[in-house]
Amino acid sequence: VIRKFSPSSKQIINLIDADIGRSLNDLTTNLVDVDLSKEVTTVIQNQTSIEKEVQTIDGKYCLMRISPFLRRDKTSDGVVINFIDISQSKNLASIIEGIFESSTNGITAKRAVRDEKNRIVDFEYVVVNVAAEKIFQVEHQSLIGKRLLPFFSDSRRDYFKTLVKVVETGTPAKMEFFHHPTGKWYETTVVKMLDGVVTTHTDITERKSNADLIEKSYEELKEAS
(Lines give C-alpha, C1' and ligand atoms only; values in the text may rest on other atoms or scores of the structure.)
Protein backbone atom coordinates (compact mmCIF):
# COMPACT_ATOMS: atom_id res chain seq x y z
CA VAL A 1 0.00 0.00 0.00
CA ILE A 2 1.02 3.60 -0.58
CA ARG A 3 2.29 5.37 2.56
CA LYS A 4 3.77 8.59 1.23
CA PHE A 5 4.69 10.14 -2.08
CA SER A 6 6.35 13.33 -3.30
CA PRO A 7 4.47 15.73 -5.59
CA SER A 8 6.76 15.03 -8.55
CA SER A 9 6.01 11.30 -8.40
CA LYS A 10 2.55 12.11 -9.76
CA GLN A 11 4.22 12.51 -13.16
CA ILE A 12 5.17 8.81 -13.09
CA ILE A 13 2.37 7.18 -11.10
CA ASN A 14 -1.22 8.46 -11.33
CA LEU A 15 -1.57 9.47 -7.69
CA ILE A 16 -3.86 11.78 -5.78
CA ASP A 17 -3.82 12.64 -2.08
CA ALA A 18 -6.69 10.22 -1.44
CA ASP A 19 -4.48 7.32 -2.64
CA ILE A 20 -2.61 7.17 0.68
CA GLY A 21 -3.39 3.71 2.07
CA ARG A 22 -4.48 2.29 -1.29
CA SER A 23 -2.95 -0.78 -2.88
CA LEU A 24 -0.32 -0.26 -5.53
CA ASN A 25 -2.23 -2.78 -7.66
CA ASP A 26 -5.17 -0.36 -7.89
CA LEU A 27 -3.08 2.41 -9.44
CA THR A 28 -1.95 3.00 -13.02
CA THR A 29 1.46 4.32 -14.07
CA ASN A 30 2.83 6.22 -17.05
CA LEU A 31 5.65 3.70 -17.47
CA VAL A 32 6.09 1.65 -20.64
CA ASP A 33 6.26 -2.14 -20.19
CA VAL A 34 6.94 -2.01 -16.43
CA ASP A 35 5.05 -4.13 -13.90
CA LEU A 36 5.72 -1.94 -10.87
CA SER A 37 3.91 -4.23 -8.43
CA LYS A 38 6.00 -7.20 -9.57
CA GLU A 39 9.24 -5.21 -9.24
CA VAL A 40 8.31 -4.13 -5.68
CA THR A 41 7.44 -7.71 -4.72
CA THR A 42 10.84 -8.91 -5.99
CA VAL A 43 12.68 -6.36 -3.85
CA ILE A 44 10.67 -7.28 -0.75
CA GLN A 45 11.27 -10.99 -1.25
CA ASN A 46 14.98 -10.76 -2.05
CA GLN A 47 15.79 -7.75 0.17
CA THR A 48 18.08 -6.40 -2.55
CA SER A 49 17.75 -3.15 -4.47
CA ILE A 50 17.08 -3.04 -8.18
CA GLU A 51 17.91 -0.26 -10.60
CA LYS A 52 16.84 -0.03 -14.21
CA GLU A 53 16.26 2.47 -16.97
CA VAL A 54 12.58 2.99 -17.78
CA GLN A 55 10.60 5.10 -20.24
CA THR A 56 7.35 7.00 -19.76
CA ILE A 57 4.53 7.15 -22.26
CA ASP A 58 5.43 10.77 -23.10
CA GLY A 59 8.93 9.72 -24.19
CA LYS A 60 10.94 10.67 -21.10
CA TYR A 61 13.59 8.42 -19.58
CA CYS A 62 14.02 7.76 -15.87
CA LEU A 63 16.33 5.73 -13.70
CA MET A 64 14.02 3.69 -11.46
CA ARG A 65 15.57 2.59 -8.19
CA ILE A 66 13.62 0.39 -5.75
CA SER A 67 15.28 -0.22 -2.36
CA PRO A 68 14.18 -2.00 0.82
CA PHE A 69 12.98 0.39 3.53
CA LEU A 70 14.73 -0.53 6.77
CA ARG A 71 13.76 0.56 10.26
CA ARG A 72 16.36 1.55 12.82
CA ASP A 73 16.44 -2.03 14.12
CA LYS A 74 17.32 -3.15 10.55
CA THR A 75 13.98 -4.88 10.01
CA SER A 76 12.39 -4.52 6.60
CA ASP A 77 9.25 -2.44 6.38
CA GLY A 78 8.43 -2.01 2.70
CA VAL A 79 10.28 -0.26 -0.10
CA VAL A 80 11.25 3.20 -1.31
CA ILE A 81 10.88 3.92 -5.02
CA ASN A 82 12.91 6.71 -6.63
CA PHE A 83 12.56 8.01 -10.18
CA ILE A 84 15.43 10.13 -11.50
CA ASP A 85 14.87 11.99 -14.77
CA ILE A 86 17.77 11.14 -17.12
CA SER A 87 16.17 12.33 -20.37
CA GLN A 88 18.77 15.02 -21.08
CA SER A 89 21.75 12.78 -20.40
CA LYS A 90 20.09 9.97 -22.41
CA ASN A 91 19.58 12.27 -25.40
CA LEU A 92 23.13 13.59 -25.12
CA ALA A 93 24.47 10.04 -24.94
CA SER A 94 22.51 9.14 -28.09
CA ILE A 95 23.97 12.13 -29.94
CA ILE A 96 27.50 11.27 -28.81
CA GLU A 97 27.02 7.63 -29.76
CA GLY A 98 25.73 8.64 -33.20
CA ILE A 99 28.74 10.88 -33.82
CA PHE A 100 31.10 8.27 -32.39
CA GLU A 101 29.87 5.44 -34.59
CA SER A 102 29.37 7.49 -37.77
CA SER A 103 32.85 9.05 -37.64
CA THR A 104 35.24 7.95 -40.35
CA ASN A 105 38.07 8.46 -37.88
CA GLY A 106 39.07 5.58 -35.65
CA ILE A 107 38.28 6.47 -32.02
CA THR A 108 39.17 4.47 -28.93
CA ALA A 109 38.89 5.16 -25.21
CA LYS A 110 41.28 3.44 -22.82
CA ARG A 111 41.53 3.49 -19.04
CA ALA A 112 44.87 3.44 -17.22
CA VAL A 113 45.83 0.18 -15.50
CA ARG A 114 47.87 0.87 -12.39
CA ASP A 115 50.00 -1.30 -10.09
CA GLU A 116 50.09 -1.32 -6.29
CA LYS A 117 52.34 1.76 -6.36
CA ASN A 118 49.81 3.63 -8.52
CA ARG A 119 52.11 3.55 -11.55
CA ILE A 120 50.55 3.13 -14.99
CA VAL A 121 51.60 -0.27 -16.32
CA ASP A 122 49.15 -0.65 -19.20
CA PHE A 123 45.92 0.62 -20.75
CA GLU A 124 42.65 -1.27 -21.16
CA TYR A 125 40.29 -0.69 -24.08
CA VAL A 126 36.92 0.62 -22.88
CA VAL A 127 35.28 1.81 -26.11
CA VAL A 128 36.24 1.23 -29.74
CA ASN A 129 34.23 2.51 -32.70
CA VAL A 130 33.69 0.64 -35.97
CA ALA A 131 36.21 2.78 -37.88
CA ALA A 132 38.96 1.90 -35.37
CA GLU A 133 38.13 -1.81 -35.65
CA LYS A 134 38.54 -1.56 -39.43
CA ILE A 135 41.88 0.22 -39.04
CA PHE A 136 43.26 -2.42 -36.69
CA GLN A 137 41.49 -5.23 -38.60
CA VAL A 138 39.87 -6.81 -35.56
CA GLU A 139 36.47 -8.38 -34.93
CA HIS A 140 33.64 -6.20 -33.66
CA GLN A 141 33.88 -5.59 -29.88
CA SER A 142 36.89 -7.93 -29.66
CA LEU A 143 39.19 -5.24 -28.18
CA ILE A 144 36.88 -4.30 -25.28
CA GLY A 145 38.53 -5.30 -22.00
CA LYS A 146 41.85 -6.16 -23.68
CA ARG A 147 45.17 -4.62 -22.70
CA LEU A 148 47.14 -2.32 -25.02
CA LEU A 149 50.74 -3.54 -24.61
CA PRO A 150 50.23 -7.11 -25.87
CA PHE A 151 49.33 -5.59 -29.27
CA PHE A 152 52.58 -3.64 -29.54
CA SER A 153 56.16 -4.74 -29.97
CA ASP A 154 58.98 -3.34 -27.84
CA SER A 155 59.78 -0.90 -30.64
CA ARG A 156 56.45 0.84 -30.03
CA ARG A 157 56.93 1.45 -26.30
CA ASP A 158 57.31 5.13 -27.14
CA TYR A 159 53.60 5.17 -28.01
CA PHE A 160 52.77 3.77 -24.57
CA LYS A 161 55.02 6.35 -22.92
CA THR A 162 53.18 9.11 -24.78
CA LEU A 163 49.83 7.89 -23.45
CA VAL A 164 51.22 7.80 -19.91
CA LYS A 165 52.52 11.36 -20.27
CA VAL A 166 49.11 12.59 -21.47
CA VAL A 167 47.38 11.06 -18.42
CA GLU A 168 49.95 12.41 -15.96
CA THR A 169 50.22 15.93 -17.40
CA GLY A 170 46.83 16.43 -19.04
CA THR A 171 48.59 17.83 -22.13
CA PRO A 172 47.26 16.46 -25.46
CA ALA A 173 49.71 14.81 -27.85
CA LYS A 174 49.83 14.24 -31.59
CA MET A 175 51.88 11.71 -33.58
CA GLU A 176 51.99 9.87 -36.91
CA PHE A 177 52.41 6.16 -37.58
CA PHE A 178 52.53 3.87 -40.59
CA HIS A 179 50.19 0.87 -40.47
CA HIS A 180 52.04 -1.89 -42.34
CA PRO A 181 49.10 -4.32 -42.81
CA THR A 182 47.09 -1.70 -44.75
CA GLY A 183 49.96 0.41 -46.06
CA LYS A 184 48.37 3.59 -44.72
CA TRP A 185 49.57 6.55 -42.67
CA TYR A 186 47.54 7.75 -39.67
CA GLU A 187 47.72 10.83 -37.51
CA THR A 188 46.88 10.05 -33.90
CA THR A 189 45.60 12.63 -31.44
CA VAL A 190 45.65 11.69 -27.75
CA VAL A 191 43.68 13.58 -25.09
CA LYS A 192 43.12 12.82 -21.42
CA MET A 193 39.74 11.51 -20.26
CA LEU A 194 39.32 10.84 -16.52
CA ASP A 195 42.07 8.34 -15.61
CA GLY A 196 42.71 7.35 -19.19
CA VAL A 197 42.87 8.62 -22.76
CA VAL A 198 40.84 9.01 -25.92
CA THR A 199 42.77 8.47 -29.13
CA THR A 200 41.59 9.55 -32.58
CA HIS A 201 43.22 8.04 -35.68
CA THR A 202 42.87 10.02 -38.92
CA ASP A 203 43.89 8.61 -42.31
CA ILE A 204 46.54 10.97 -43.76
CA THR A 205 47.85 8.65 -46.48
CA GLU A 206 46.82 10.98 -49.31
CA ARG A 207 48.29 13.99 -47.52
CA LYS A 208 51.57 12.12 -46.97
CA SER A 209 51.63 11.00 -50.61
CA ASN A 210 51.09 14.55 -51.83
CA ALA A 211 53.81 15.81 -49.49
CA ASP A 212 56.22 13.16 -50.76
CA LEU A 213 55.34 14.06 -54.36
CA ILE A 214 56.00 17.75 -53.70
CA GLU A 215 59.30 16.95 -52.01
CA LYS A 216 60.34 14.69 -54.89
CA SER A 217 59.40 17.35 -57.45
CA TYR A 218 61.37 19.93 -55.47
CA GLU A 219 64.46 17.70 -55.42
CA GLU A 220 64.13 17.11 -59.18
CA LEU A 221 63.78 20.84 -59.74
CA LYS A 222 66.94 21.49 -57.73
CA GLU A 223 68.86 18.89 -59.76
CA ALA A 224 67.59 20.42 -63.00
CA SER A 225 68.66 23.87 -61.80
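The values are calculated or read from the model by the stated rules, or taken from the named source; none is laboratory data. Keep in mind that what you see is a predicted model, and the values were worked out from it rather than measured. Ideal geometry is used to build each Cβ from the backbone, glycine not excepted, and the neighbour counts take in all protein chains shown. Note: accessible area is taken over every heavy atom of the protein model, side chains too, but ligands, DNA and RNA are not part of it. Shrake-Rupley method; radii C 1.70, N 1.55, O 1.52, S 1.80 Å.
Relative to the longest principal axis of the Cα atoms of the chain, helix 205-224 runs at roughly 20 degrees. Residues of the chain were split at every exposed loop site, defined as trypsin sites (Lys or Arg not before Pro) in a DSSP loop with at most 11 other C-beta atoms within 10 angstrom, and the longest piece left, sites excluded, is 120-225. Between L27 and residues 5 or more places away or on another chain, which pairs have amide H atoms under 5 Å apart, with H built 1.01 Å from N, and which residues are they? HN-HN under 5 Å from L27: empty list.
Per-residue ellipticity at 222 nm computed for the chain from its helices equals -9500 deg cm²/dmol, with DSSP H segments shorter than 4 residues left out and the rest contributing -39,500 (n - 2.57). Site-free segments of the chain were taken between GluC sites (Glu not before Pro) in DSSP loops having at most 14 other Cβ atoms within 10 Å, sites themselves excluded; the longest one is 1-115.
Hand me the chymotrypsin sites (Phe, Trp or Tyr not before Pro) from the range 97-152 located in a DSSP loop with no more than 15 other Cβ atoms within 10 Å, in residue order please. Please list the in-between numbers first.
On the way: sites: F100, F123, Y125, F136, F151, F152; in loops: F152.
Those that pass, being in a loop and sparsely packed, are F152.
Against the chain, whose longest principal axis comes from its Cα atoms, helix 87-102 is set at around 30 degrees.
Roll a 1.4 Å probe over the protein chains and send me the accessible area per residue for the chain in Å². Before the final figure, lay out the partial values.
Values: 14830 Å² over 225 residues.
Per residue, the chain has an accessible area of 66 Å².
The candidate values are (i) 98, 43, 31; (ii) 67, 36, 32; (iii) 80, 43, 28; the one derived from this structure for Cα extents along the principal axes in Å carries the label (i). Less than 5 angstrom separates the built amide H of I204 from those of W185, Y186, E187, all sequence-distant by 5 or more or on a different chain. Solvent-accessible area of the range 34-90 (1.4 angstrom probe, protein heavy atoms only): carbon and sulfur portion equals 47 percent. Could you give the angle, 0 to 90 degrees to the nearest 10, between helix 157-169's Cα long axis and the longest principal axis of the Cα atoms of the chain? That works out to roughly 50 degrees.
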